[in-house]
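Here's the structure we're looking at; comments come further down.
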Amino acid sequence: MPMPAPDLTRFLTPGGPYPFPLDGVEARVRLLPAVPLSLPSGRVVALEPFMAGGEDEEEMAFGEQVKPGVYPVELSEIDLIDGTGRVIDTRTATARLVIREEPVVRWELAVTAGQDPEELDDDSYFGYPVDGGTGCFLDATTYRALHAEEDFAERVLDAMYADAATTPGGGDRTPDPLTLAVGNDPTAVVAFSTGWGDGVYATWIGRTANDEVACFLTDFVDLDEDDADDDGADDADGGRDD
């Protein structure tokens, strides 16, 4: 069995300060305004956008399919607060693709074709690898369409660092979620920074009391961890090999 879902509910509403696994630091949760994402097939893909594009969209999409449509993606951020009450850093905590605005009563690990949670140890999970500090949600048909777009990675970087040319020192990446067009679809990809950067990040499906899909949520930091390494990335023995 995979590791149990962490306490994700605290990321769905603003709050804090919460304990944080760094000495002398607390965390405060904030929600950013949602942005739209097109799901023309209802087959959700989550990965680092620099890896998007190919003919294996059936392998990349999660097995849980939803009704095609346009859905909001909402980021929760954590402000890290030192002992004086000063905000010393802000990072993305979760990215949530909202399918239904209903309470989540149960979380389960989102898996793709060929991934069996029963094969995992109780401290392992499937997730997508990140080595460029960026994640995204998109539809499986969009993933396939990106196979023909040679400059997509450059477009993502340009959007992430849009203020670099005008900010002294080069500027930081934008903290807001980014909506990127592909072909004639203006809301084809939603990209965002991945918390503490590189690592392997799990996506969870939140289910309603009627067992319907309420959301897909990628978790970038667990406030309940007993310890944290320098960059905050989780260890994942069952990390997804995209």
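The values are calculated or read from the model by the stated rules, or taken from the named source; none is laboratory data. Just so you know, these numbers come straight off a predicted model, no measurement behind them. Quick reminder, even Gly has a Cβ in these numbers, built from the backbone with ideal geometry, and neighbours come from all protein chains shown. Remember, those area values only see protein heavy atoms, side chains included, never the ligands or the DNA or RNA. Shrake-Rupley method; radii C 1.70, N 1.55, O 1.52, S 1.80 Å.
Once segment 39-75 is narrowed to residues that are more than 30 Å from Arg28 (Cα to Cα) and without any contact (Cβ under 8 Å) to a residue 60 or more places away in the chain, the residue that is most open to solvent (accessible area, probe 1.4 Å) is Lys67.
Of the residues Asp242, Asp224, only one is open to solvent by 10 Å² or more (accessible area, probe 1.4 Å), modelled with pLDDT under 90, more than 21 Å from Gly16 (Cβ to Cβ) and out of contact with any Cys (no Cβ under 7 Å at 6 or more places or on another chain); which?
That would be Asp242, the only listed residue that is open to solvent by 10 Å² or more (accessible area, probe 1.4 Å), modelled with pLDDT under 90, more than 21 Å from Gly16 (Cβ to Cβ) and out of contact with any Cys (no Cβ under 7 Å at 6 or more places or on another chain).
The set of residues in segment 103-120 being more than 17 Å from Glu48 (Cβ to Cβ) and outside any loop (DSSP other than H, G, I, E, B) consists of Arg106, Trp107, Glu108, Leu109, Pro117, Glu118, Glu119. Listed conditions (1) assigned to a strand (DSSP E or B); (2) modelled with pLDDT under 90 are all met by Ala95, apart from (2).
For segment 14-23, the condition holds for no residue, the condition being that it is touching a residue at least 24 places away in the same chain (Cβ under 8 Å) and either closer than 20 Å to Val156 by Cα or of a type in the set (S, T, N, Q) (or both).
Can you tell me which of Glu59, Glu55 is outside any strand (DSSP E or B), touching a helix residue (DSSP H, G or I) at 6+ places or on another chain (Cβ under 7 Å) and charged (D, E, K, R)?
Sole residue among the options that is outside any strand (DSSP E or B), touching a helix residue (DSSP H, G or I) at 6+ places or on another chain (Cβ under 7 Å) and charged (D, E, K, R): Glu55.
Taken over segment 113-139, residues that are open to solvent by less than 90 Å² (accessible area, probe 1.4 Å) and under 16 Å from the mean Cα position of the chain (by Cα) amount to 14. Based on this model, can you work out whether Leu37 counts as in a loop (DSSP other than H, G, I, E, B) and of a type outside the set (Gly, Ala, Ser)? No; evaluated as a whole, the condition is false for this residue.
Strands (runs of 3 or more DSSP E) wholly in segment 121-196 with at least 1 residues that are farther than 16 Å from Val35 by Cβ, at pLDDT 90 or above and of a type outside the set (Gly, Ala, Ser) - which ones? Spell out the reasoning first.
Working: elements: 128-130, 134-139, 178-182, 185-193.
The strands (runs of 3 or more DSSP E) meeting that bar are 128-130.
Among the residues making up segment 23-38, those that are farther than 22 Å from Gly199 by Cβ, open to solvent by 10 Å² or more (accessible area, probe 1.4 Å) and among the hydrophobic types (A, V, I, L, M, F, W, C) are Leu31, Ala34, Val35.
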